[in-house]
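The values are calculated or read from the model by the stated rules, or taken from the named source; none is laboratory data. This structure is a prediction, so every number in the text was calculated from the model and none was measured. With ideal geometry, Cβ positions are generated from the backbone for all residues, glycine too; neighbour counts draw on all protein chains shown.
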Amino acid sequence: MAVVVTPWWRNRRLIPWLVQGSVGLALLVLIAFLLGNLVRNLTAAGLLLSWGWLDNPAGFDISETLLPFDAGLPYWRALLAGLVNTLRVVLAGLVGATVLGTLVGVASFSGNGLLRRLARVYVELIRNIPLLLQLLFWYFVVFLALPGGAEAIQLPGVVLAKSGLYLGNPELVNGVWQAPLRLTVEFSALLTGLVVYTAAFIAEVVRGGVASVPGGQWEAARSLGFTPAMTLRRIVLPQALRVIVPALNSQYISLAKNSSLAVACGFTDLYSVAETTLNQTGRAVEVILILLGSYLLLDLLISALMNGLNGLVQLKER
Amino acid sequence: MVARSRLSLLTPLLAAVALVGCAGDGGGIQSQKMAAIKARDKLICGVEGKLPGFSFVNPDGSYTGLDVDVCKAVAAAVLGDPTKVEYRDLNSSERFAALASGEVDLLSRNTTKTLSRDAPGGNGLSFAPPVFYDGQGVMAPTTSGIRSLADLAGKPICVETGTTTELNLADRMREIKAPYTPLKFQTSDQTYAAYLQGRCAAVTSDRSQLAAKRTSFPDPTAHALLPDVLSKEPLAPATTNADPAWADAVRWIVFALKQAEESGITQATVDAKVAQAKADTNQADLRRFLGVEGDFGKHLGLPADFAVRAVKAVGNYGEIFERNVGAGSQLKLERGLNRQWKDGGLIYSPPFR
């Protein structure tokens with residue numbers, strides 16, 4: 001029996017390896033070329049990467065911070081304070097957008113025709129207008145138009161004034177509102193804009209998820225005597241989550257990235273601090289690297305958490 | 001070795017910004033920048049674009065202002081035509097990156113000359129002589145009862161991000177130990193919109209800019225500048241350290257505008273002065289300045305009559321000032337520090353010799 005020797009170019013194991021290898025090599029060469037180019041040009045311009053400036057005093061102030069900050073502290077503290085501000089708005093935004101988005105998404109299955117149509121109008125209106133415009137609208141048209149002082153809008157436990165949102169039984173002391181919790185209008189405008197915008201997309205994700213559950217499940221639940229609310233909570237949503245969670249991941253990541261539009265409404269987030277830092281130090285490449293790295297880490301973190309959640313809601317095959 | 005480890009962590013990201021560093025490295029006696037401008041037959045000038053008196057877009061799309069006239073003078077001197085300018089509106093955060101990357105040839109955008117911006121270890125800019133000596137001021141509504149900086153303690157102040165203004169404000173408020181809330185915006189439009197909406201008790205910027213912006217307010221008389229001057233703000237056109245020959249050319253074109261005023265040469269009389277200089281060989285200073293004799297233009301890589309071209313295009317420094325921000329304008333600013341040195345001001349051109 002003659003031994004059939006397969007020529008190497010028809011070897012089904014070897015060829016994919018060769019293709020992958022050569023693409024990988026080409027990529028490495030490209031990266032090496034770009035890196036070399038960067039270092040060469042930065043050296044020529046006398047701007048080789050350095051990080052010592054991070055320890056220099058920043059010299060500028062930040063309007064609202066969780067970490068104490070003043071102008072005498074170094075740049076890295078300023079950037080950290082900015083990052084914490086970003087995290088604050090992203091976390092609050094994730095919670096708010098999820099709640100609002102789920103409500104709107106579920107409302108589009110409501111038996112009430114008015115509610116159903118309102119949900120559609122909301123989604124179509126919000127997701128078709130650029131976020132930047134919406135942020136400018138919320139800040140300049142809505143929040144900055146709030147009355148100040150004694151004329152502020154007073155709701156039970158909440159006061160809406162031009163100087164901020166006051167929560168928890170606010171009192172007017174000498175023409176200035178005092179309350180346990182104060183949100184600035186900049187933070188409120190950014191948060192509102194992000195929540196309203198992202199919720200429109202999340203509503204569509206939820207709607208798709210709920211629609212993916214076969215109609216028979218609703219009917220079976222009703223025949224067992226479940227109320228519509230119980231059906232949704234016990235039967236439909238657990239099944240819909242398998243479809244919803246992966247799609248939700250990209251909406252969450254979008255929200256985190258969109259938070260960098262904060263500078264449009266005067267909120268001092270990481271991007272805003274980085275921009276001032278870039279201007280004061282002239283360290284464009286370093287500052288942009290820090291920005292890239294921070295947002296990348298933030299989004300990878302969100303992705304990792306969402307993938308973990310996805311593992312929990314997936315069907316466990318036995 | 002902290003720096004090394006941080007660097008290695010970020011190494012994969014470097015590729016993404018590799019193209020940022022592709023600036024030309026010019027230099028030498030021949031200016032690459034000037035050659036590029038001549039080949040393009042157009043000067044690309046970075047301006048603010050929304051600041052009446054300094055650079056402002058007219059309803060017909062043309063630009064006017066003191067900063068714009070500097071662009072025109074440079075275009076006239078280099079290309080022989082003040083209209084061969086392409087303007088780029090830059091906000092205060094974009095401006096240095098636009099200049100460093102070569103996107104604009106010249107930055108004529110009310111930019112304060114400072115050590116960190118000038119030094120090679122900082123922004124690495126090369127400044128021409130200041131065209132406007134300014135100081136930082138604060139503007140507040142007249143009805144607010146705010147009369148000095150100390151009255152602003154604990155109050156929000158609107159400021160444009162990425163400016164020296166932001167730092168000066170922080171410094172002065174620390175000195176008088178007054179806490180305050182800086183509200184930072186990316187563009188001057190947003191800054192003044194937030195101020196006019198009443199979000200801030202005051203807005204701070206260069207005094208000339210405040211006066212200029214005030215003219216476009218619904219009711220300019222409802223706002224007043226506080227007497228406090230927070231800083232020195234010499235506003236100067238800028239190029240980069242990468243091309244010293246180009247920087248020198250721009251520098252001396254600006255000096256020419258100042259020297260023309262000192263020598264009494266105006267847009268209207270410049271042709272007569274040239275004729276006079278040509279006729280009278282004894283007026284050596286005038287002949288050299290106007291390029292009738294000597295080779296100053298050649299030293300700079302410019303035409304011999306570059307000063308004549310610049311003045312013919314936009315007038316001398318005094319004319320530029322009065323037309324854009326002085327008595328002939330809506331701003332009605334006093335010459336103040338911007339008078340000629342002979343009149344007690346700071347405008348002083350080194351000798352053309």
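Any residue at all in the stretch B:204-220 that is within 11 Å of another protein chain (Cβ to nearest Cβ) and in contact with a Leu (Cβ under 8 Å, 6 or more places away or on another chain)?
Looking through the stretch B:204-220, none of the residues is within 11 Å of another protein chain (Cβ to nearest Cβ) and in contact with a Leu (Cβ under 8 Å, 6 or more places away or on another chain).
Look at the stretch B:326-353 and say how many of its residues are surrounded by 12 or more Cβ atoms within 10 Å (Cβ to Cβ) and not in a loop (DSSP other than H, G, I, E, B).
Matching residues across the stretch B:326-353 total 6.
For B:Ser116, which of the numbered conditions (1) in a loop (DSSP other than H, G, I, E, B); (2) free of Cβ contacts under 8 Å to residues at least 24 places away in the same chain fails to hold?
B:Ser116 satisfies every listed condition except (1).
How do the strands (runs of 3 or more DSSP E) wholly within the stretch A:155-262 filter down when requiring 1 or more residues that are crowded, with 18+ Cβ neighbours inside 10 Å and within 14 Å of chain B (Cβ to nearest Cβ): which remain?
Once the strands (runs of 3 or more DSSP E) in the stretch A:155-262 are filtered for at least 1 residues that are crowded, with 18+ Cβ neighbours inside 10 Å and within 14 Å of chain B (Cβ to nearest Cβ), what remains is A:158-161, A:164-167, A:176-178, A:181-183.
Here are A:Gly101, A:Gly82: which of them is of a type outside the set (Lys, Arg), within 30 Å of A:Pro228 (Cα to Cα) and crowded, with 19+ Cβ neighbours inside 10 Å?
None of the others qualify; the one that does is A:Gly101.
Condition first: farther than 30 Å from B:Thr165 by Cα, assigned to a helix (DSSP H, G or I) and modelled with pLDDT of 90 or more. Can you find one or more residues in the stretch A:276-297 that meet it?
Taking every residue of the stretch A:276-297 in turn, at least one turns out to be farther than 30 Å from B:Thr165 by Cα, assigned to a helix (DSSP H, G or I) and modelled with pLDDT of 90 or more.
From the list A:Arg77, A:Arg116, A:Arg120, A:Arg88, exactly one residue is under 21 Å from A:Leu194 (Cβ atoms), at pLDDT 85 or above and either away from chain B (no Cβ under 11 Å) or in contact with a Ser or Thr (Cβ under 8 Å, 6 or more places away or on another chain) (or both). Which is it?
Within the list A:Arg77, A:Arg116, A:Arg120, A:Arg88, the selection yields A:Arg88.
Quick check on this structure: which one of B:Glu175, B:Glu160, B:Glu233 is more than 24 Å from B:Pro52 (Cβ to Cβ) and either among the aromatic types (Phe, Trp, Tyr) or more than 9 Å from every other protein chain (Cβ to nearest Cβ) (or both)?
Testing whether each residue is more than 24 Å from B:Pro52 (Cβ to Cβ) and either among the aromatic types (Phe, Trp, Tyr) or more than 9 Å from every other protein chain (Cβ to nearest Cβ) (or both) leaves just B:Glu175.
Which of the residues belonging to the stretch B:126-172 are under 13 Å from B:Thr191 (Cα atoms) and among the polar types (S, T, N, Q)?
B:Thr161, B:Thr163, B:Thr165
Just to be sure I understand the filter: pairs with C-beta atoms under 9 Å, separated by 6 or more residues or on different chains, first member in the stretch B:277-288 and in contact (Cβ under 8 Å) with a residue 40 or more places away in the chain, second member polar (S, T, N, Q). Which pairs pass?
Cβ pairs passing all conditions: B:Asp285/B:Ser263.
Taking B:Ala128 and the conditions (1) in contact with a Leu (Cβ under 7 Å, 6 or more places away or on another chain); (2) within 24 Å of B:Leu66 (Cα to Cα), which numbered condition does it fall short on, given that it satisfies the others?
Answer for B:Ala128: the failing condition is (1).
Please work out which one of (1) surrounded by fewer than 19 Cβ atoms within 10 Å (Cβ to Cβ); (2) facing chain A (nearest Cβ under 9 Å); (3) farther than 18 Å from A:Gly148 by Cβ is the condition B:Glu103 fails and give its number.
Looking at each condition in turn, B:Glu103 falls short on (2).
Would the stretch B:125-146 turn up any residue that is within 27 Å of B:Ala222 (Cβ to Cβ), in contact with a Pro (Cβ under 6 Å, 6 or more places away or on another chain) and within 13 Å of chain A (Cβ to nearest Cβ)?
No - not one qualifying residue is present in the stretch B:125-146.
Checking the structure you have, find out if any residue of the stretch B:89-96 is more than 16 Å from the chain's Cα centre (by Cα), crowded, with 24+ Cβ neighbours inside 10 Å and not assigned by TED's automatic domain parsing to the domain that holds B:Thr165.
No, the conditions are met nowhere in the stretch B:89-96.
Looking only at the stretch A:263-293, which residues are surrounded by fewer than 23 Cβ atoms within 10 Å (Cβ to Cβ) and among the polar types (S, T, N, Q)?
A:Thr281
Which of the residues that make up the stretch B:41-61 are modelled with pLDDT of 95 or more and surrounded by fewer than 24 Cβ atoms within 10 Å (Cβ to Cβ)?
B:Asp41, B:Lys42, B:Ile44 - these are the residues of the stretch B:41-61 that are modelled with pLDDT of 95 or more and surrounded by fewer than 24 Cβ atoms within 10 Å (Cβ to Cβ).
Scan the stretch B:178-189 for residues that are at the interface with chain A (Cβ under 7 Å from one of its Cβ atoms) and either over 17 Å from A:Val185 (Cβ atoms) or out of contact with any Pro (no Cβ under 7 Å at 6 or more places or on another chain) (or both) and jot them down.
Of everything in the stretch B:178-189, those that are at the interface with chain A (Cβ under 7 Å from one of its Cβ atoms) and either over 17 Å from A:Val185 (Cβ atoms) or out of contact with any Pro (no Cβ under 7 Å at 6 or more places or on another chain) (or both) turn out to be B:Pro182, B:Lys184, B:Phe185, B:Gln186.
Does B:Thr165 fit the bill of being surrounded by fewer than 19 Cβ atoms within 10 Å (Cβ to Cβ), touching a residue at least 40 places away in the same chain (Cβ under 8 Å) and in a helix (DSSP H, G or I)?
So B:Thr165 fails the test.
Is at least one residue of the stretch A:44-55 modelled with pLDDT under 80, within 13 Å of chain B (Cβ to nearest Cβ) and assigned to a helix (DSSP H, G or I)?
Checked against the condition, which is being modelled with pLDDT under 80, within 13 Å of chain B (Cβ to nearest Cβ) and assigned to a helix (DSSP H, G or I), the stretch A:44-55 yields at least one hit.
Quick one: in the stretch B:130-175, of everything that is under 30 Å from the mean Cα position of the chain (by Cα), modelled with pLDDT of 90 or more and among the β-branched types (Val, Ile, Thr), which residue is nearest to B:Gly344 (Cα to Cα)?
Here the residue is B:Val131.
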